[in-house]
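Novice: So that we are looking at the same thing, I have put the structure below in structure tokens.
The values are calculated or read from the model by the stated rules, or taken from the named source; none is laboratory data. Values in this document were obtained by computation on a predicted structure and should not be read as measured data. What goes into the accessible areas is simple: the full protein's heavy atoms, side chains included, and nothing from ligands, DNA or RNA. Shrake-Rupley method; radii C 1.70, N 1.55, O 1.52, S 1.80 Å.
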Amino acid sequence: MSRKPMYRQIADALREEIRCATLKPGDALPTESTLQASFGVSRVTVRQALKLLTEEGIIESIQGSGSYVKEERVNYDIYQLTGFYEKLANRNVDSHSDVKVFEVIQAEPWLAEKLQIAAHDKVWHVKRVRFIKQKPVNLEETWMPLALFGDLTWEVMENSKYRYIEQMKKMTIDRSEQELSPVMPSEEAVAALALEPGKPVLEKVSRGFLKDGQVFEYSRNVFNSDDYKFTLVAKRRQ
């Protein structure tokens, strides 16, 4: 009989299932009550095992949902202007967007300056949470001129904004000016992304430009740094 504490035996068993791909990245682990029954142990013992695997970076807990096998972080190439779904195209994972706010507002002076429109012009204001499988990974708030996108719909924002602009509106997206900063998460971000309140997150503030120079969006994105890695290629000046 193994002399290992039971919580380590449980961790070993789960680790082996992950190694053998019985449990794959993004899969939900059995519930605590299921693990209790399977191993004949207390809830405290099960939680010790899950805590060990979490500390090893093998699994992660999503508040109100359960524990999941941790997925590889999304690679955000700063030099490639791609949308959320395009970044995941080679991952073959389920993803979706949950639209929280979809409204038309008047642009305050600061926003009108960002969008290069007149103060009090009408703009779309949209907030959405982006999910990989059932895990929230990104909170986006974006503003887009109503004059450019009068036919924008809730359904479009549940899917790909860039696909709508390029394929439906026949507009050419040229570039995005971006600023990336570490910040402390807001209460809204903590709730939306199931974050640790005291742990910094990454915030990306950006403006998107069409080929003719028009600003088509101003956005703020909050990323859980556990889910994303940001890469770039830097060349030395010759």
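Novice: So which lysines can Lys4 reach, going by Cα to Cα under 30 Å and dropping same-chain residues fewer than 8 places off?
Specialist: Lys24, Lys51, Lys70
Novice: A 19 angstrom limit on the alpha carbon distance is what I want to check against. Which of Lys127/Lys204; Lys169/Lys211; Lys114/Lys170 exceed it?
Specialist: Among Lys127/Lys204; Lys169/Lys211; Lys114/Lys170, the Cα-Cα distance tops 19 Å for Lys114/Lys170.
Novice: Just the number, please: carbon plus sulfur as a percent of the accessible area of segment 116-174, 1.4 Å probe, no ligands or DNA/RNA counted.
Specialist: 48 percent
Novice: With all protein chains present and a 1.4 Å probe, how do His120, His96, His125 order by accessible area, largest first?
Specialist: His120, His96, His125
Novice: Apply the Karplus curve 6.51 cos²θ - 1.76 cosθ + 1.60, θ = phi - 60°, to the phi angles in segment 5-21 and return the couplings in whole Hz, x for Gly and Pro.
Specialist: Per-residue couplings from phi come out as x, 4, 5, 6, 5, 5, 4, 4, 5, 5, 4, 5, 4, 6, 4, 7, 6 Hz.
Novice: Quote the accessible area belonging to Ser33 in square angstrom, nearest 10, computed with a 1.4 Å probe and with ligands, DNA and RNA left uncounted.
Specialist: Near enough 70 Å² of accessible area.
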